[in-house]
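Report on the following structure.
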Amino acid sequence: DGWRQLAASNPANTQLLRQGYLSSDPARVVRVRSVDAKAFLTIKGQNEGIVRAEWEYPIPLADAEAMLAICQRPLIEKYRSRIMFGGFCWEVDEFLGENAGLIVAEIELPSAEQEFAKPDWIGEEVSDDQRYKNSNLGRHPFSQWGRSST
């Protein structure tokens with residue numbers, strides 16, 4: 001919970017995200033996301049280790065809302081806090097709805113070999129655990145992890 005005090009010190013860096021998946025196939029993930037009054041369509045390719053190709057395009061908010069209505073359920077809703085540490089921006093996602101109770105921190109690096117300092121509020125490394133991918137959380141929400149094998 002050490003990140004909470006840092007996030008609270010700059011509330012402008014915390015936003016509510018709503019996102020859904022038109023395709024959650026690992027070879028071609030297609031995501032629709034709204035953040036405040038903005039919206040985006042994102043296409044992600046197959047992972048190669050912890051690296052993957054990604055393209056993101058702004059779209060009209062009304063289009064995003066219409067697309068979210070046809071996305072796989074449940075939608076992913078979360079608060080994202082951006083926290084600077086060690087020269088990098090950490091994104092801490094606190095999930096809501098069927099994924100409530102899950103908190104994930106992520107950092108985007110210039111290369112997979114980049115070294116970085118980890119804040120003391122970082123827990124277990126889950127980059128290689130497919131359960132934590134947002135596209136998987138739509139199919140297998142965190143609230144169901146204890147009831148089924150994922």
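Every number here is computed from the coordinates shown, using simple stated rules; none is lab data. From a predicted model like this one, the values you see are computed outputs, not experimental measurements. Here the Cβ is made from the backbone with ideal geometry for all residues, glycine too, and neighbour counts use every protein chain on show.
Data overview
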read-out	value
Max mean-square fluctuation residue, GNM over the chain, Cα-Cα springs under 10 Å, options Asn47, Asn99, Asn134	Asn47
Prolate/oblate/rounded label for the range 1-89 (Cα gyration tensor, a/c 1.5)	oblate
Local electrostatic count at Glu56 - Lys and Arg +1, Asp and Glu -1, tallied over other residues with Cβ under 13 Å	+3
Nearby lysines by direct alpha-carbon distance to Lys44 (threshold 19 angstrom, same-chain neighbours under 8 apart not counted)	Lys133
Most mobile of Ala105, Ala37, Ala64 in a GNM of the chain (Cα contacts under 10 Å)	Ala37
Dipole-positive endmost among Leu61, Ser23, Leu6 within the range 1-82 (Cβ charges, Cα centre)	Leu6
Most mobile of Arg73, Arg52, Arg82 in a GNM of the chain (Cα contacts under 10 Å)	Arg52
Electrostatic dipole magnitude of the chain [Cβ: Lys, Arg +1; Asp, Glu -1; Cα centre; debye, to 20]	540
Kirkwood Rh, angstrom, the chain [1 / mean 1/r, Cα pairs]	16.4
Calculated from backbone phi, Karplus (6.51, -1.76, 1.60) coupling profile of the range 89-102 in Hz, x at Gly/Pro	9, 8, 9, 9, 9, 10, 7, 10, x, 6, 10, 4, x, 8
Residues of type lysines that Lys38 reaches as a straight line, Cα spacing below 18 Å, ignoring anything fewer than 8 places off in the same chain	Lys78
Virtual paramagnetic centre 7 Å along Cα→Cβ of Asp129, amide N under 13 Å, in the range 88-105	102-105
